[in-house]
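Every read-out reported here was derived from the displayed coordinates using simple, explicitly stated rules and does not represent laboratory data. All values derive from a computational prediction rather than experimental measurement. Cβ coordinates were reconstructed from backbone atoms using ideal geometry, including for glycine residues, and neighbour counts include every protein chain displayed.
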Amino acid sequence: MATVLIIGRPNVGKSTLFNRLVGGRRAIVDDIPGVTRDFTVGRVNWQQRTFQLVDTCGLFENPENIVEEKMKEVTLELLNEGDLILFVVDGRSGLTSADIELADYLRKQRLEVIFVANKVENPDNFYSSMGNEIFSLGFGDPIKVSSAHGLNIDLLFDEIFDRLTSLGHSIEVESGEESDLKIAIVGKPNAGKSSIFNWIVGSPRSLVTEVSGTTRDTVDETVVVDGIPMTFIDTAGIRKKSKVKVMNVEYYSVMRAIDALERSDIIIMVIDSTDGVGNQDQRIAGLAEKNGKATIAVFSKSDLADDRRRKALLRTFKQDLYFIDYSPVLFTSTETGEGMDDLIDNIRLVSKKIDLRIPTGLLNTLIQRYSEGTPAPGKGKKRGKIYYGSQISSRPPIIMLNVNDPTLFTEPYLRGIRNTIRLNFDPYEGTPIFLKLRRKR
């Protein structure tokens, strides 16, 4: 699939254009320059034609800190990986020295470029406000669009597909291209999520710095592992609600991370070995379990934890995260490589467990055996009774129990049924098992 990159200085509307072309709100949009710190990747499908679109960081002319410097460095490295560049300028406020510098760089690299002037709500007045300086960039007359209002987006689509076709790229939509297994890497800010993501995908697609909260957008990358396509999603750190001001950029980042969690099948929950399990880790694990997501717990930065520290972390995990005690627990270090191969192996293992189905006959045998040894709870003289059960869904496994009265069954009793299934059929590593009760009429 052809890859198209959106390039430009900060705040020219790249993310708004990305959202318009992809047809959703995948990239965070705000009036603050430099909001996009990572590469947001989306797939564009338009009139049975397709390409991969990448929203890049805004390029600062003179980086003022390590984050801006890293943003510029990684973005420039990515340019040669794209098949086509959308060079975007602000058609409302005019050109800046940063636009001129970037245009010079693109010309010297001899890249395939489509010149786009964004925020042009009134094309008739474009040249009266911009003047002829727009032609000084060396890319001719730009396609004048308004991403916010959808103006001339169809013309931009036509130009993109015509250019990709002339370059020899296939643009037809093909079936079976996308991965059906999605894995989100979540955790508190600065827990080491992006380092793990980068190790897995083998490419510096997310920024990795010592500055907490570097990743603001979610970043997707599909990797083929042993012939199985898996889409990994790097997310922004999830903070406590009280720490995030509603409606600011970080608020949207946290909401995007929660959205990534909800649309994933497996959650890699990253916990900083130097910090240990905290309230936020409990909240993240609770969100994963509540949403029926399989979980793998990863203590990152294990090179900083000795044996004594590791034993303490395991005790804390069993105590504070007991409700996901079915999850594999790993110690990893992207510095030394410790545990990283084990992480891949466990991802493969858990990916099989979330689709596992228990035969109805065996399920009812296990339920009957458990009920005989542990009488069902009740109220007064009325006791709970399970007539039969069957698995009605997978990813996660959902088992329907037909009973005489759902109100009679307590959570400890249901937990016993789940444990019986894990002990006598399969451990279901990393996978929650949901039991639903239905009154038999």
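Between TYR322 and ARG369, the contour length at 0.36 nm per residue exceeds the Cα-Cα span by 14.4 nm.
Which residues does a label at ASP124 reach in the range 135-176, if reach means a backbone N under 18 Å from a point 7 Å past the Cα toward the Cβ? Under 18 Å, as judged by backbone N against the label point of ASP124, lie 144-146, 151-152 of the range 135-176. Near LYS436, the amide H atoms lying under 5 Å from its own belong to ILE399, MET400, LEU401; only residues 5 or more places off or on other chains count, and H is placed 1.01 Å from N. Measuring against 24 Å, Cα to Cα, the residue pairs LYS293/LYS385; LYS293/LYS440; LYS381/LYS440; LYS14/LYS108; LYS352/LYS385; LYS182/LYS290 contain LYS293/LYS385; LYS293/LYS440; LYS352/LYS385 as the ones spanning a longer distance. Computed from the C-beta positions of ASP259 and LYS379 and an R0 of 51 Å, the FRET efficiency is 0.80 to the nearest 0.05. Projecting the alpha carbon convex hull of the range 345-420 along each direction and taking the average yields 5.6 nm². Counted residue by residue at 0.36 nm each, then reduced by the alpha carbon distance between them, the extension gain from HIS149 to GLN48 reaches 34.0 nm. Potential lengthening of the chain between ILE398 and ASP307 amounts to 28.9 nm, from the contour at 0.36 nm per residue minus the alpha-carbon distance. The range 92-147 and the range 377-441 have Cα centres lying 63 Å from one another.
With θ taken as phi - 60° and the Karplus curve 6.51 cos²θ - 1.76 cosθ + 1.60 applied, the whole-hertz 3J(HN,Hα) list for the range 353-368 is 5, 5, 9, 6, 10, 9, x, 4, x, 5, 4, 6, 5, 5, 5, 5 Hz, x standing for glycine and proline.
Less than 5 angstrom separates the built amide H of LEU151 from those of SER146, all sequence-distant by 5 or more or on a different chain. Sites listed here are trypsin sites (Lys or Arg not before Pro) in the range 104-137 whose DSSP assignment is loop and whose Cβ has at most 15 other Cβ atoms within 10 Å: ARG110. What the phi angles of the range 77-90 give under the Karplus curve with 6.51, -1.76 and 1.60, with θ = phi - 60°, is a coupling list of 5, 6, 3, 6, 8, x, 8, 8, 10, 9, 8, 10, 10, 7 Hz, glycine and proline written as x.
Given a Förster distance of 30 angstrom, what is the FRET efficiency for GLU133 paired with GLU112, based on the Cβ-Cβ distance and rounded to 0.05?
Once the sixth-power term is evaluated, E becomes 0.80.
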